[in-house]
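Just below is one structure, and these are the notes that go with it.
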Amino acid sequence: MIAETPAQAQLYDQQSQLFKLLTHPVRLAILDILRDGEHCVCHMEAHLGYRQAYISQQVAVLREAGLIRDRRDGWNIYYHVCEPGVFEVLDSVQKMLGQERLQPKNAAEVACPCPKCNPQGQETKG
């Protein structure tokens, strides 16, 4: 028996679902990119090197779980973390593994066409 009561079983199930959500490396990378604020999918694409559709799928999973939210600005959709406690979990895991947090590349190091990274560039869908 996993739990003594149905309420405990439900809590364990919710915790398990969160851990399952965090077992995907690209989702972890997306959360790391969003650590410093909001970004669009084209920004994540430039940082991670995956196709926009694939990143959008992973963003959708994080959004459906309630970890991130979006904001539309013209053609661009910007995502941000709405549950910052997730960073405490990620930081604890890194500490347990004896790892240091990798610093994401800055906007000057990636070819992101979004208005946030490239104010003189043209707007793109994201």
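The values are calculated or read from the model by the stated rules, or taken from the named source; none is laboratory data. No experiment lies behind these values; they were computed from the predicted model shown. Note: ideal-geometry Cβ built from the backbone for every residue, glycine included; neighbour counts use all protein chains shown.
So here's what we get for this one:
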| item | result |
| --- | --- |
| Options Arg35, Arg27, Arg71; residue that is without any contact (Cβ under 8 Å) to a residue 60 or more places away in the chain, charged (D, E, K, R) and either within 22 Å of Pro119 (Cα to Cα) or in contact with a Ser or Thr (Cβ under 6 Å, 6 or more places away or on another chain) (or both) | Arg71 |
| Members of segment 7-53 found to be small (Gly, Ala, Ser), surrounded by 13 or more Cβ atoms within 10 Å (Cβ to Cβ) and under 14 Å from Val81 (Cα atoms), listed by number | Ala29 |
| Hits in segment 91-113 (condition: outside any loop (DSSP other than H, G, I, E, B), modelled with pLDDT of 75 or more and either surrounded by fewer than 10 Cβ atoms within 10 Å (Cβ to Cβ) or of a type outside the set (A, V, I, L, M, F, W, C) (or both)) | Asp91, Ser92, Gln94, Lys95, Met96 |
| Matching residues, segment 78-96, being more than 14 Å from the chain's Cα centre (by Cα) and either small (Gly, Ala, Ser) or farther than 22 Å from Leu22 by Cβ (or both) | Ser92 |
| Scan of segment 54-75 for residues that are part of a strand (DSSP E or B) and either exposed (fewer than 14 other Cβ atoms within 10 Å of the Cβ) or touching a helix residue (DSSP H, G or I) at 6+ places or on another chain (Cβ under 8 Å) (or both), ordered by number | Ile68, Arg69, Asp70, Arg71, Arg72 |
